[in-house]
Amino acid sequence: MSLSASEPARHRVVVVGGGFGGLQTVRRLNGAAVDVTLVDRQNFHLFQPLAYQVATGALSAAEVAAPLRSVLKRQSNARVVLAEVSGFDLERRQVVLDHLPNGRRGERLDYDTLVVGGGSRYSYFGHDDWKAFAPELKSLTGALDIRNRILTAFEAAEVESDDDRQRGWLTFVVVGGGPTGVEMAGQIAELARDSLRLDFRWVDTRRARVLLVETADRILTGFPPSLSHKAERALEHLGVTVLVGNTVVDVGPVSVSIRSESGEIEAVPARTVIWAAGVAASPLAAELASADGSQVDRVGRITVKEDLTLHNHPDVFAIGDMVRIVKGDGADMALPGLAPVAIQEGRYVARVIRNRLTGRATKPFEYVDKGNLATIGRSKAVADVKGIRISGFVAWVTWLVVHLFYLIGFQNRLLVITRWTFSFVTRGRGARLIGESRAETAVPDS
Ligand SMILES: Cc1cc2nc3c(=O)[nH]c(=O)nc-3n(C[C@H](O)[C@H](O)[C@H](O)COP(=O)(O)OP(=O)(O)OC[C@H]3O[C@@H](n4cnc5c(N)ncnc54)[C@H](O)[C@@H]3O)c2cc1C
């Protein structure tokens, strides 16, 4: 099949990125008189909000990812192309594809309407060399790498007779006190105190130290201060040391340097560091901005209009984490990098495309904020739903229901609910396998 195959009369929509935003656009175009091509460099949609459960062995990879072909198999006007998008020719209305599965590069895909939702990645604040020692959770590969490192650290502590070295293996540093950092820190603490406690003979896994380092003066800054403080107390109850007002200033293979509020720098021996700080837009935002002649902001997001189109190309939409929306009066909509934002934007774009086909106008995009949730370990969470603040078990149940609702695929929902029920009752974690990359992650002591 040719890459740009389409009946000449049909409107061709190309969607780049099968994440939260792009996938919604494609699904909402089901039945419309258009041919949709979804391009993604991965053959699956990743449910990022549960990636931390893969990283801590609570869920397996297939339970939080759904193959794009399977998601779209009943949508006859949509097809999937596995390829990396490397550029845009907006004048010729073409997308440039690289790394096609047949080895081809530089192929071009024609469109009439283009939608780009390339997401974001973590930023190491100009210290990309830290990445090798402090992996991030943005991808499935990252989550599996972190799982290998955490589980390997406990294995190393089990065979380590030197006390100081053992302490290094049992120290886990999570950088960034946003929802992901809080979730990771809580889960590692539970892993050490509950799930692994009886599995080892020599090492007492309960001696593990989990440090959560946050530069701001509180964790979960997207939540009201009262909920941040409740989350902090819940984490401390689990055994996590919360270091607010502290900044990680260096990361190496065997230690992390942390600058305290007073300016003192301490090198903490730690063999496992997880990066959950600072987000930057996908490089696709800069590619698109340069093709359009528009701007990117400090974190690399492309500025779009309030109908989510580019400034100089009304046939091109950009959505999700990689955009910043500026209204007609010049005000920034200032939306957070969250799944509901990308989902609502994806749906909106599908509506605009449908309306344009019939010559109807569409009102500017408006975000409906349904609230904010973060979980802390096995049975606690905080939730801020339209000003109603809840915490503890009720918030946790809300969190469970919301995540199951948004998880793609009936089979995944069933598997996840079964796993969660089992883990809740037994405190066990079924996906604690160490992959073959273990040898690369374990740096020997000198
Ligand atoms: C660990 C973690 C936990 C999170 N937890 C929550 C949460 O609890 N609640 C919440 O609301 N939000 C959460 N988020 C944020 C949420 O996941 C994002 O806001 C959301 O995924 C953004 O959707 P998107 O469509 O913009 O991008 P994404 O969902 O990231 O999708 C981008 C897609 O584009 C593809 N792509 C990128 N570049 C290319 C390219 N060059 N060529 C081809 N394909 C490409 C990617 O493979 C991917 O499939 C979390 C994020 C992370 C990383």
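Coordinate-derived values only; no laboratory data. Nothing here was measured: the structure is a model prediction, and the numbers come from that model. Glycine gets a Cβ as well: all are built from the backbone with ideal geometry, and neighbour counts include every protein chain shown.
Once the C-beta distance of Gln75 and Asp297 is scaled by a Förster radius of 30 Å, the resulting FRET efficiency is 0.30 to the nearest 0.05. For segment 55-125, the list of trypsin sites (Lys or Arg not before Pro) that fall in a loop by DSSP and count at most 15 other C-beta atoms within 10 angstrom reads Lys73, Arg74, Arg92, Arg104, Arg105. Mean residue ellipticity, 222 nm, helices only, the chain: the sum of -39500 (n - 2.57) across DSSP H runs of n ≥ 4, divided by residue count and rounded to 500, is -9000 deg cm²/dmol. Counting 0.36 nm for each residue step from Ala62 to Thr141 and taking away their Cα separation leaves a gain of 27.2 nm. Shape verdict for segment 166-210, please, from the Cα gyration tensor: rounded (a/c under 1.5), prolate (a/b greater than b/c) or oblate. Oblate. Between 0 and 90 degrees, the angle of helix 179-190 with respect to the longest Cα principal axis of the chain falls at about 30 degrees. To the nearest ten degrees, helix 339-357 and the longest principal axis of the Cα atoms of the chain are 10 degrees apart. What the Cα atoms of segment 90-182 give is an Rg and a Dmax of 20.7, 65 Å. In terms of overall dimensions, segment 232-278 has a Cα radius of gyration and Dmax of 11.6, 30 angstrom.
In segment 178-301, if every C-alpha pair distance is counted and binned at 5 Å from zero, what percent goes to each bin? The calculated distribution, bin by bin, is 2, 10, 16, 16, 16, 14, 10, 7, 5, 2, 1, 0, 0. For the pair Phe424 and Arg92, a Förster radius of 45 Å applied to the C-beta separation gives a FRET efficiency near 0.25, rounded to the nearest 0.05.
Percent of Cα-Cα pairs more than 32 Å apart in the chain, please. That tail contains 41 percent of the Cα-Cα pairs. For the pair Arg105 and Asn43 in one chain, pulling the backbone fully straight at 0.36 nm per residue adds 20.6 nm over the alpha carbon distance. Count Lys and Arg as plus one, Asp and Glu as minus one, and take only other residues whose Cβ is under 11 Å from that of Phe365; the net charge is then +1. Taking a sphere under 15 Å around the Cβ of Leu308 and counting the other residues whose Cβ falls inside, with K and R at +1 and D and E at -1, yields a net charge of +2.
With neighbours defined as other Cβ atoms within 10 Å of a residue's Cβ, the residues Asp145, Asp315 order from fewest to most as Asp315, Asp145. Considering all C-alpha pairs of segment 1-142, those separated by over 20 Å amount to 53%.
Farthest towards the positive end of the charge dipole of the chain, among the residues Gly428, Phe405, Pro269, is the Cα of Phe405, using unit charges on the Cβ of Lys, Arg, Asp and Glu.
Our note on the geometry: Cα centres of segment 132-190 and segment 327-406, 30 Å apart.
Pairs from the list Lys73/Lys386; Lys230/Lys370; Lys305/Lys380; Lys230/Lys305 with a Cα-Cα gap above 29 Å: Lys73/Lys386; Lys305/Lys380; Lys230/Lys305.
Placing unit charges on each Cβ (+1 for Lys and Arg, -1 for Asp and Glu) gives the chain a dipole about its Cα centre, and among Ile146, Ala234, Ala156 the Cα reaching farthest toward its positive end belongs to Ala234.
Prolate is the label for segment 289-446. Its Cα gyration tensor axes, ordered a ≥ b ≥ c, give a/c of at least 1.5 and a/b above b/c. If you average the sequence gap of Cα pairs under 8 Å that are 6 or more apart and divide by the length of segment 1-105, what percent do you get for the contact order? Relative contact order of segment 1-105: 24 percent. Over segment 319-406, the ratio between the Cα radius of gyration and 2.2 N^0.38 Å evaluates to 1.36.
Where does the charge balance sit around Ser257 when Lys and Arg score +1, Asp and Glu -1, over other residues with C-beta under 11 Å from its C-beta? Neighbourhood net charge equals -2. Once the chain from Ser226 to Asp162 is taken as fully extended at 0.36 nm per residue, the excess over their C-alpha distance is 18.8 nm. Convex hull of alpha carbon positions in segment 256-326: directionally averaged projected area 7.0 nm².
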